[in-house]
Structures are given as C-alpha cells and as structure tokens.
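These notes concern the structure reproduced below.
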Amino acid sequence: MTFRSSLLYAFHLIFPRTNKKSTARGSIIGAIICIGISLIPLVVVMSFADGMISGMTQRIIGLSSCELKAVMRKASRQASDYENLRHYSDQLKEIAGIQDCFPQIECDGLAAGKNYRTGTVVRAVESEIFLRNENFKNLFVVKDGSIDEFVKNNKSAVVGEKIAGLLNIKAGDTFRIIMTKSKGDGIVSPVVSSFKVAAIVSSGYQELDSMWIFIPIEKGFAVLPRESSTISVMIKTVDGVKSELSLLKHKCIEKSAGIASVFMWNELNRSQFQNFSSTKVMLSFIMLLIVLVASVNISSALVMLVMERRKEIAILKSIGGTNLGISVSFLVAGTACGLTGTLIGLPVGVLCALNSNYLIIFLENLVNVFSKVIYIAGGNSASNYQAMHLLNPAYYLTEIPVSIPFGELFLISSSVILLSFVVSVIPAIKAGKERPLETFRKA
C-alpha cells in the first residue's frame, strides 16, 4: 500500500462519497469545531495580555524612570540645587547612546482639595518635560487646561485625572500639598504649599493617574523636604542602542562615581514586571488546557471511525492493504482535523482580538442592561444603580492596545497540529491491527 493510497483513503475517511448517516463523521466535525472554538479565546487572551502588558510597561518605563535612572546621593553637591543637578544631567547627555536626561525630585505627600484629601507622589520636574520628552508628550492626554500654563507659571501643577476627580478640582482651581519637615530633636512640622491646577492629564492607566502630581523643579527644591525626597535623573536612550542598556549603565556609573547610583528599568520595577509575566503564563496555560481537551475529541472521533469502518479496513487488507498504510491513513485524517480546526479558529481569534475593545464595550453594555433590569425589578431605584465593568479601570488600561504575537501564534498552531497527530496515534495503530477474518466472521 503506497503513501499516495494512504492519503487517498484518508481523504475518503473525512469526505465519504456516500450520503449514509455516520455518527463518526458527526464526531469528527464536532472535534474540528471544538478545536476552532477553543483556539479563539486562546488567541484573544494572548493578544489581549500582550497588548495590556506592553501598554502598562510602556507607561511605567516611559513616565516613571525611562530606560535608566540615576538616583542621587543626598550628600552630593549635585543634589544640593537645580543648577548643579542640571549640570550633572548635561554631563550624562554627552555619553554616546543617551538621547536626553530629565532631572526630577520625588516626595510622598498629601494632596488636599475642597472636601477631600489623598496620598500622592509629588514629582518636581522641568516645566518643558511635557513638550521635550516624547513619552510624556505621547502617553499623557490633556483632559482639562493647558500644559503651556504649567510652563509659564512657577506656582502651577499638572494633576493626574484620578487625583483631580478625588479632590474635585479642575483647571484653574487651587489645591494644597501637605508634607512633613524635620526640625531636629525628633520634632516634625507640616509644610503646606498651594498650587494652581494648570492641566489635568491622563495616561490611560488609573494606577498612575491616581499617584502623580507634577510641579516645577525650581519650586520643588524650595518646598520639598530634602530628607524625605528622592533626587534623580531619568535617562532616555536612543532607540537603536536599547540592546546595549547594560553597557550604557556602566558608562553612566563611571560618570557618576560618588555622585549617584544608576539602575536599569527592569531593576526598578522587577516585582511588577514578574507579576505581569506570571499572569500571562498562567492565562496561556489555562487556555492551552482547553485546547488539549478539545484535541482529545479527535481521538474519540477516530475510535468511532475505526469501529464504523471495520468492513472497509477488512476489504482493503484482503486486497493488499498493509497495517502501516491503514495506520497512516487514520493518522493523516486526525492531523487534518487539527489543521482544519486551526485554520478556522486562528483567523476568527485574530479578528476578535483586533476588535476586543469593541467586544468588551458591547458585553459590558449587555451585562449592565440585564443587571439594571434585575436591580429595578428588586424594588430599587434606577438612579442608584452603579454600572459594572468587566475590566476594572483602576487596574487595567482604559483602552487596550492590541498586539498580535505572530511568533507565539505560529508556535500554538504548530503545537495544536502536533497534538492532533499525537492523539491520533493510538486509534491509528488500532485500525492497522484490525483482523479481516474476524471482521468477516462477525459480519
């Protein structure tokens, strides 16, 4: 029995010429559909997770530390005032591979609005950072006010959208920042500074929008307590040399001997990025288990097909069909089922992933409609109903930047086809070992 004959018989197994009702054929179609359906959420989850993690990572790195961050030693002369810090920053810019540097001061404080107070991280930055830094310029969206006002007014501030909502303030309003200052001998006194809101911005990530308030760095040196502040320089590298980040770090360390400690972005946010990676791995593992269960259906369908085609197998063997040839036919049939399911599920999954933001909005609206009806039916007032969110915006991006991981999708597709081949082995061997004489005797 030649390989071509085996392929021909495999085609006949999947697409029989007879219109006779076949339970096994229905099982094969069901197995193909199950694989296709199981691949759809896997593709969506992987694309969704990639886009979500990429968007969060981009914002954390770009808006918090850049690729490198030099943390100044408090006793160093360069950390004493803005002029010396700016001079040190300019020295770092002379290193080949560094695009720009942005001095800043960070300090924990308390922001007080009209009727509410909340903890915050006050970041004293250069006024033009929102115009000069590409990450600040592209990732921050101005919701109210103008960045130009922040550049012009030394007593103005840029506030995150979430904090502005909590404090109930808008552009043009005045709010206070409260910090503590040590006077020695264990005496701590509050320091209160007033700022006018120049602009309210959003990064699309509420965890960051609820944390930062930006003030001019000159004002920061005047009002922020030195003992509880972190003075640093964010270092942005040229895109083409990001792979040489470790080398740039060592160059910065040489330039900063006795002045500052230099860290890479993955060292500053290690636990958070590890959490992102483990979450993605866990989600992918759960989805792969679903695909595994769907692939087992192929094995069940082939077992039924072997039982249904015993007479055909017996006839083939009686006219010269070999055990290997019959087994190959069933292996090809099982693998073809996996391939067909992949070709169905993969494009549908990619299509759903590309439209995931619209799907989430549609599902949220649908869930809220039914929930509101049930809420009102329970005798509650419609005005008191609070809308539900499938993805809490406090922990996720408001809009997911979808990223299709083509390399991983190719690996998944190959794995599904290989898995289909593996689960087909036992039924195929069983088909090859069918004995024609016993089949004819029972018939």
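Values as computed for the structure displayed
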quantity	calculated
Subset of segment 358-391 [exposed (fewer than 12 other Cβ atoms within 10 Å of the Cβ), outside any helix (DSSP H, G or I) and hydroxyl-bearing (Ser, Thr, Tyr)]	381
Top-ranked residue in segment 143-184 [being among the charged types (D, E, K, R) and over 18 Å from residue 116 (Cα atoms); ranked as surrounded by the fewest Cβ atoms within 10 Å (Cβ to Cβ)]	183
Tally, over segment 152-191, of residues that are assigned to a strand (DSSP E or B) and free of Cβ contacts under 8 Å to residues at least 60 places away in the same chain	15
Members of segment 179-210 that are touching a Lys or Arg at 6+ places or on another chain (Cβ under 8 Å) and over 20 Å from residue 141 (Cβ atoms)	188, 189, 190, 191, 192, 193, 194, 195, 196
Selection from segment 87-121 of residues that are of a type in the set (Gly, Ala, Ser) and either within 14 Å of residue 211 (Cα to Cα) or in a loop (DSSP other than H, G, I, E, B) (or both)	96, 97, 109, 111, 112, 113, 119
Boolean, residue 137 is in contact with a helix residue (DSSP H, G or I) (Cβ under 9 Å, 6 or more places away or on another chain), open to solvent by less than 60 Å² (accessible area, probe 1.4 Å), over 30 Å from residue 285 (Cβ atoms) and of a type in the set (Lys, Arg)	no
Near pairs, Cβ below 8 angstrom, 6+ apart or cross-chain, from segment 64-78 (outside any strand (DSSP E or B)) to any residue that is hydroxyl-bearing (Ser, Thr, Tyr)	66/237; 67/237; 73/261; 78/88
Within segment 265-295, considering residues that are open to solvent by less than 30 Å² (accessible area, probe 1.4 Å) and closer than 17 Å to residue 56 by Cα, the one farthest from the chain's Cα centre (by Cα)	269
Total residues in segment 88-128, condition in contact with a Lys or Arg (Cβ under 9 Å, 6 or more places away or on another chain) and farther than 14 Å from residue 163 by Cα	20
Selected residue (only one of 50, 90, 81 is within 22 Å of residue 135 (Cβ to Cβ) and open to solvent by 40 Å² or more (accessible area, probe 1.4 Å))	90
Selected residue [among the β-branched types (Val, Ile, Thr), in contact (Cβ under 8 Å) with a residue 24 or more places away in the chain, touching a helix residue (DSSP H, G or I) at 6+ places or on another chain (Cβ under 6 Å) and within 19 Å of residue 249 (Cβ to Cβ)] from 147, 61, 129, 105	61
Qualifying residue in segment 371-387 (condition: closer than 28 Å to residue 45 by Cα and of a type in the set (A, V, I, L, M))	yes
Count of segment 304-349 residues which are open to solvent by 20 Å² or more (accessible area, probe 1.4 Å) and more than 22 Å from residue 3 (Cα to Cα)	8
Scope segment 402-432; condition among the aromatic types (Phe, Trp, Tyr) and farther than 15 Å from residue 31 by Cα; matching residues	406, 410
Residue match in segment 194-205 (condition: surrounded by fewer than 16 Cβ atoms within 10 Å (Cβ to Cβ) and either at pLDDT 90 or above or within 32 Å of the chain's Cα centre (by Cα) (or both))	yes
Test result for residue 35, surrounded by fewer than 22 Cβ atoms within 10 Å (Cβ to Cβ) and either assigned to a helix (DSSP H, G or I) or among the β-branched types (Val, Ile, Thr) (or both)	no
Residue within segment 224-236 that is in contact with a strand residue (DSSP E or B) (Cβ under 7 Å, 6 or more places away or on another chain) and part of a helix (DSSP H, G or I) present	yes
Test set (1) within 19 Å of residue 8 (Cα to Cα); (2) touching a residue at least 12 places away in the same chain (Cβ under 8 Å) - residue 319 fails condition number	(2)
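The values are calculated or read from the model by the stated rules, or taken from the named source; none is laboratory data. Since the structure is predicted, the reported quantities are computational estimates derived from the model, not experimental observations. Cβ: placed from backbone, ideal geometry, glycine included. Neighbour counts: every protein chain shown. Just so you know, the surface numbers come from the protein's heavy atoms only, side chains and all, with ligands and any DNA or RNA stripped out. Shrake-Rupley method; radii C 1.70, N 1.55, O 1.52, S 1.80 Å.
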